[in-house]
1. When the Karplus curve 6.51 cos²θ - 1.76 cosθ + 1.60 is applied with θ = phi - 60°, which whole-Hz ³J(HN,Hα) does each residue of the range 126-131 get, with x for Gly and Pro?
2. Would you list, by chain and number, the lysines whose Cα falls below 26 Å from the Cα of residue 125, excluding same-chain residues fewer than 8 positions away?
3. Based only on other Cβ atoms within 10 Å, what is the fewest-to-most ordering of 65, 51?
4. Kyte-Doolittle cut-off -1.0, length cut-off 27 Å along the helix's own axis using Cα: show which whole DSSP H helices in the chain pass.
5. If the reach is capped at under 16 angstrom between alpha carbons, list the lysines near residue 45, excluding any in the same chain fewer than eight residues apart.
6. In whole angstrom, note down how far apart the Cα centers of the range 166-201 and the range 212-259 are.
7. Can you put 149, 42 in order, fewest other beta carbons within 10 Å first?
Amino acid sequence: MTKTASSTRTSGPAPTPARTWSEVRPARRASIPEGLWLRCPSCAKMVYRRHLEANLNVCPECTHHFRIGAAERVLQLADPETFTEMFTNLQPTDPLKFKDLKAYRERLIAEQVKTGQIDAIRAGKCFIKGREAMLVCLDLTFMMGSMGSVVGETITRAIEAATPNKAKGYAGLPVIIVSCSGGARMQEAGLSLMQMAKTSAALARLDDAGGLFISVLTDPTTGGVTASFAMLGDVILAEPRALIGFAGPRVIQQTIRQELPEGFQRSEFLLKSGLVDRVVPRANMRTELARLIDYSGR
Ligand SMILES: [Zn+2]
């Protein structure tokens with residue numbers, strides 16, 4: 001929400017030519033994250049980047065969980081050098097020739113150059129504390145982790161590859177999907193909405209075959225991702241204070257015309273409401289995943 005506010009302020013012609021210092025300073029502050037020090041958005045203290053990285057990108061002062069990309073998430077969860085990436089031959093296309101402020105095709109190329117990734121996802125087999133698993137991580141750094149055809153197809157193929165098959169004597173693998181997403185990718189319109197049904201159907205087949213799916217929700221998990229696979233876990237874990245919801249709080253507030261309760265749409269609130277099974281700090285996530293795999297006998 002704050003992002004939209006700042007982008008409307010910086011983009012387009014300014015309504016008045018004169019600018020005050022209060023308008024200039026936030027832009028300067030925003031450039032700090034590139035350097036050695038950065039300001040924690042939660043406690044506003046200055047944090048030394050090296051300390052933050054050594055602490056799994058969790059603020060040492062207030063335990064605020066910073067947002068991280070898929071590559072880093074894989075490094076944090078998988079045993080060293082055990083992750084084998086799969087389904088990397090999928091390429092995003094632009095069948096609708098979609099254009100908003102920028103053509104979708106150009107936007108894709110710019111994002112691929114910026115992140116070095118084909119799309120907003122990484123999936124593959126790995127070991128977590130010695131237990132083999134199918135690990136899928138959405139990537140927030142690529143178009144806000146939005147779910148287009150490539151993201152949906154990668155998730156579906158990962159689930160299918162991990163689904164037990166009795167006839168073939170294949171026991172399957174536990175599926176772990178770490179979500180962080182702005183929702184369905186609007187540039188792919190209906191095609192991205194179909195991914196919701198496709199991923200959910202694949203999970204239903206996994207469930208019928210007796211497979212295990214652990215869903216991990218991180219900040220933010222919203223829109224079509226929350227409305228499909230992310231909420232279908234046999235076990236649903238969430239990182240502390242992650243924003244999890246379908247529509248944004250402002251939209252809901254305007255629709256129902258009521259004050260929203262404190263901590264609305266945060267992990268802890270969802271835990272109380274029964275939508276999340278456990279809130280797990282980043283440092284404990286590997287242990288928790290390994291324990292759940294053992295517990296389910298997979
Ligand atoms: Zn902090």
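1. Whole-Hz 3J(HN,Hα) from phi for the range 126-131: 7, 10, 10, 6, x, 9.
2. Candidates past the 8-residue exclusion: 114, 166, 168, 198.
3. 51, 65
4. Helices meeting the criterion: 189-208.
5. Candidates past the 8-residue exclusion: nothing left.
6. Going from one Cα centre to the other spans 16 Å.
7. Least crowded to most crowded, the residues run 42, 149.
Every number in this text was worked out from the coordinates using simple rules, so none of it is lab data. Remember, predicted model here, so these are calculated numbers, not experimental data. Note: ideal-geometry Cβ built from the backbone for every residue, glycine included; neighbour counts use all protein chains shown.
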